[in-house]
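Working notes for the structure below.
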Amino acid sequence: MSAVNNPSSVTVIGLGPMGRAMAGAYLDAGYHVTVWNRTASRADDLVARGAVLAATVDEALRANEAVVLSLTDYTAMYTILEPAVAALDGRVLVNLSSDTPEQAREGAAWAAKHGARHLTGGVQTPPSGIGTQEFGTFYSGPRDLFEEYEGLLKVLTDTDYRGEDPGLAALYYQLQMDLFWTTLTAWLHTAALADANGISLSELKPLATATLTGMGQFLDFYTPRIEAGDHGGDVDRISMAVASLDHVVHTTRDSGVDPALPSAVLEAFRRAAAEGYQDDSLTRLFEVFGR
C-alpha cells in the first residue's frame, strides 16, 4: 500500500505550538507522520521522534492523502498551498486553522477547484489538550468524508460534527471564542480593579470562580425565556442593570483603573433603556444586539 493511501499515515502542515502537538499525538498513536513548516527547525524534536520532514510543500502534500493544516488563518493556507496546487488533487484537507465561517466556505470551494476535499475544524483546546478525549473539535463538511476520517480526527480530540456546510465548524468555534474572550477579559479587568484596591488575585480567585460556576444557573433560567421571546422584567430590569453598572464604572474610575470595558457594557444597557425597554429583563439585549 502506498503512503498516500495508508490510513495510518498523515501530513501536518504548520508547526506552531498547536501543529507540533498534533504531529506529536499522531506519532504517539503510531502514525507515519510527514511534516512541513516554513521554519524547518521547528520540526527538529518531531523528526527525532520519527517524523519525516518534507523539503517542500509539494512533497508534504504528495506524501499522504490526509493533510492536517494548523495555520494562523486561511490567508496563510493560500500563501503556502497555492504554489503547490498541482499536488492537491485527491487530497483531504483537514483545515484546523482559525477563521470566519465565510472564509471556511471559500476555502472549501478553493480546495474543490483543485481536486481536494475539505473538512473545516474548530479546535476547542489549547495544545496541552491535544491527544486526549477530554476536549473536542467542531467539524463540518461532507458527512461521508467526516465519517471516513473520524478515526484519524479522534487521535487529536473528541469530535463534534455540526453539518455539511463548511462554515458551521468555524461558526461554532467563533461562538465559543466570543464567550471565551469576553469572559476572560472581564476577569482580567476585575483582577486589575481588585489589585488597585489592595486585594490579591489569590484572594479574589475563589470568589470569581464561584461567580463563574453559578453562571450555568443563569443560562438555564434565561435560555428558555429568550427562545420564547419572553423579556418580562419580573426578575431583573434594564434600569437596575444601568444603576448597578454605573456604580461599577465609578468604582473603576475612582480606583484609577481604565473603565472602558464596563463602560461599553453600560452603554449597551443605556441604549436598551433609551429604546423604551427600561422595565424589561436584561435578556432584551438579545434583540438589541441582534439588530
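Laboratory data are not the source of any read-out in this text; all were calculated from the coordinates shown. For clarity, every value in this text was computed on a predicted model and none was experimentally measured. Cβ sites come from the backbone with ideal geometry, for glycine too, and all protein chains shown count toward neighbours.
Have a look at Leu27, Leu93, Ala194 and report the one farthest towards the positive end of the charge dipole of the chain, computed about the Cα centre with Cβ charges (Lys/Arg +1, Asp/Glu -1).
Leu27
Could you work out how far helix 238-254 tilts from the main Cα principal axis of the chain, as a 0 to 90 degree angle to the nearest 10?
Helix 238-254 and the main axis of the chain meet at about 80 degrees.
Report the per residue volume, in Å³, of the convex hull enclosing the C-alpha atoms of region 57-193.
114 Å³
Mean 1/r over all different Cα pairs, inverted: what Kirkwood radius does region 155-291 give, in Å?
17.4 Å
GNM on the chain, C-alpha springs below 10 Å: top fluctuator among Met240, Met22, Met77?
Met240
Any idea what the dipole of region 6-124 comes to, in debye rounded to 20, about its Cα centre with Lys/Arg Cβ at +1 and Asp/Glu Cβ at -1?
About 120 debye.
What fraction of the Cα pairs in region 60-119, stated in percent, has a spacing above 14 angstrom?
That tail contains 48 percent of the Cα-Cα pairs.
Have a look at the DSSP beta bridges in the chain and tell me what percent are antiparallel, nearest 5.
20 percent
Would you mind estimating how fast region 9-125 diffuses translationally, via Stokes-Einstein at 37 °C and 0.692 mPa s with the Kirkwood radius over Cα pairs, in µm²/s?
236 µm²/s
Given the C-alpha centroids of region 222-273 and region 197-212, what is the distance between them in whole angstrom?
First find each Cα centre; the distance between them is then 21 Å.
Which residue fluctuates the most in the chain, going by a Gaussian network model with Cα springs under 10 Å, if the choices are Ala51, Ala273, Ala40?
In the Gaussian network model the winner is Ala273.
Which order, highest average first, do 245-258, 201-214 follow once you tally other Cβ atoms within 10 Å for each residue and take the mean per peptide?
245-258, 201-214
Evaluate the charge dipole of region 197-290 about its Cα centre and quote only its size in Debye, nearest 20, assuming +1 on the Cβ of each Lys and Arg and -1 on the Cβ of each Asp and Glu.
220 debye
Just to confirm the number: angle between the C-alpha axis of helix 201-227 and the first principal axis of the chain, 0 to 90 degrees, nearest 10?
For helix 201-227, the angle is close to 90 degrees.
To check my understanding: the extent here is largest minus smallest coordinate of the Cα atoms along each principal axis. What are those three numbers for the chain, in Å, largest first?
Cα spread of the chain along its principal axes, largest to smallest: 69, 43, 31 Å.
For the ranges 108-120, 168-180, what's the packing order if you count other beta-carbon atoms within 10 Å of each residue, average per peptide, and put the highest first?
108-120, 168-180
As an exercise, take the mean of 1/r over every pair of distinct alpha carbons in region 1-76, invert it, and state the Kirkwood radius in angstroms.
One decimal place: 12.0 Å for the Kirkwood radius.
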